[in-house]
Ligand SMILES: Cc1cc2nc3c(=O)[nH]c(=O)nc-3n(C[C@H](O)[C@H](O)[C@H](O)COP(=O)(O)O)c2cc1C
């Protein structure tokens, strides 16, 4: 059973959670990076508008072939109550995602809004079923038990593959 972690992280929090869960569960990681990278000014102006509109950023890598994996773990920071434009692009870039299962998680300051439902919907458009989801508020990302709960969710989902 192979697990692929796919995430974007602007300030490092989503990367940290993904890294800790991957250390516990194993698997490969793909960090998507928007082109051009955001600055503090463009993240809160351009980035929030693009997130709000569900826009896809140009990203590296441009194509994400997941045909060799059984389970996807997709992590996003919350921007303007939505997934980031880089994560929108990551979902759009998936190839071979039909029939796969996914665990999704978001990290946020405290207001995730519609991030998870919209991500679930976007993945459904790729033929991928979300079997687990978790939101981390700012304080949760330092909570080892909450991170362990996500690791257990991923391991359980991987075990069912
Ligand atoms: C441009 C921008 C917009 C944000 N919008 C929200 C938001 O709508 N709701 C929220 O709870 N947190 C919001 N945040 C906080 C981030 O979601 C939170 O700090 C997240 O954990 C950052 O993850 P990262 O370090 O992986 O980028 C925003 C942060 C940025 C930079």
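FYI, it's all coordinate maths here, none of it is from the lab. What you are looking at is a predicted structure, and each value in this text was computed from that prediction instead of being measured. Methodologically, a virtual Cβ is constructed for each residue, glycine included, from the backbone with ideal geometry; neighbour enumeration extends over all protein chains shown.
How do 76-84, 24-32 rank on mean C-beta neighbours within 10 Å, highest first?
Highest to lowest by the protection proxy: 76-84, 24-32.
Calculate the translational D of the range 84-161 in whole µm² s⁻¹ from Stokes-Einstein, where the hydrodynamic radius comes from the Kirkwood formula applied to all Cα pairs, the temperature is 10 °C and the viscosity 1.306 mPa s.
119 µm²/s
222 nm [θ] for the chain, helices only, -39500 (n - 2.57) per DSSP H run of 4+, per residue, to 500?
-10000 deg cm²/dmol
If I model a spin label at residue 24 and residue 152 as a point 7 Å from the Cα along the Cα→Cβ vector, what separation in nanometres do I get?
0.9 nm
Determine by what factor the alpha-carbon radius of gyration of the range 1-49 differs from 2.2 N^0.38 Å, reporting the quotient.
Scaled against compact globular proteins, the figure is 1.36.
Out of the DSSP beta bridges found with both residues in the range 52-123, what percent are antiparallel (nearest 5)?
The antiparallel proportion sits near 20 percent.
So what's the chain giving for Cα Rg divided by 2.2 N^0.38 Å, two decimals?
Dividing the Cα Rg of the chain by 2.2 N^0.38 Å gives 0.94.
Roughly what % of DSSP beta bridges within the chain run antiparallel, to the nearest 5?
15 percent
So what is the relative contact order of the chain, in percent, for Cα pairs below 8 Å that sit 6 or more residues apart?
25 percent
Figure the gain on full extension for residue 62 and residue 142 (residue separation times 0.36 nm, minus the Cα-Cα span) and round it to one decimal in nm.
Fully extending the segment from residue 62 to residue 142 adds 25.6 nm.
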